[in-house]
Amino acid sequence: MNVLITYATSEGQTALVADRLARAVRAAGLGAMAVNVDHARANPAGFDAVIVASPIHMGRYDARIVRFAKENAEALNARPSWFVSVCLTEAQPEKHPAVQAIIDKFLAETGWKPRGTASFAGALKYRSYNPLKRLLMRWIVRSTGSTDTSHDYEFTDWGAVDEFGRMVAASLSLAAAM
């Protein structure tokens, strides 16, 4: 089985999550390729399964992923597929219902019905932000205590990302064995 893991990224964290998922799927003995949604190879045709990953910024998914999901909803619904959300808000578990509402709205808007979804916390990359964005992000996360802009903060639970990749691979392997 070959799995396409397509993603959009603005600061690089979702690309890291997609690469990590690809490694976990390959470690389970399946083929997997992480491809930026802007690349021509980001096409469900020719793949047995698909994982789509997108960051949330300002309460919305990346427009390229929204367009991809809408344009490919039929192909995504015709094969095993999963959606992965990468969101800084996931670092605050009490806010998970708000993230789930954004996921639900995205899926309703696109007509895509994945087998499952996962949401992972992202990262604060203060050192790569321009001064205005650095100030805005510092204000947004003030309740977390992650306001020292002299260094970046990593919130992604890589063990959970690996576990999700293994779960996808196990699901596909079980289906192939039946």
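The values are calculated or read from the model by the stated rules, or taken from the named source; none is laboratory data. All figures in this text were calculated on a predicted structure; none of them were measured in a lab. As a convention, Cβ positions derive from the backbone with ideal geometry for all residues, glycine included, and neighbour counts pool all protein chains shown. Side chains included, ligands, DNA and RNA excluded: accessible areas come from the protein's heavy atoms. Shrake-Rupley method; radii C 1.70, N 1.55, O 1.52, S 1.80 Å.
Observations, loosely collected:
- Rounded percent of accessible protein surface that carbon and sulfur make up, the chain, 1.4 Å probe: 54
- Only Lys, Arg (+1) and Asp, Glu (-1) charged, at Cβ; the stretch 1-115 dipole about Cα centre in debye: 180
- Computed over the stretch 1-98, the alpha-carbon pair-distance distribution with 5 angstrom bins reads 2, 14, 24, 24, 18, 11, 5, 1, each value a whole percent.
- Which labelled figure in (1) 25.3, 72; (2) 15.2, 44; (3) 16.3, 55 is Rg and Dmax of the Cα atoms in Å, once derived from the coordinates: (3)
- Total formal charge among the other residues, if their Cβ is under 11 angstrom from that of Thr149, Lys/Arg +1 and Asp/Glu -1: +3
- A 1.4 Å probe run over the protein chains yields, for the chain, 50 Å² of accessible area per residue, whole-number rounding.
- Set of lysines near Lys125 by C-alpha distance (under 23 Å), chain-local residues within fewer than 8 positions excluded: Lys95, Lys133
- One Cα centroid belongs to the stretch 2-80, the other to the stretch 127-174; the line between them spans 18 Å.
- Using R0 = 45 Å, the C-beta based FRET efficiency linking Leu174 and His57 works out to 0.80.
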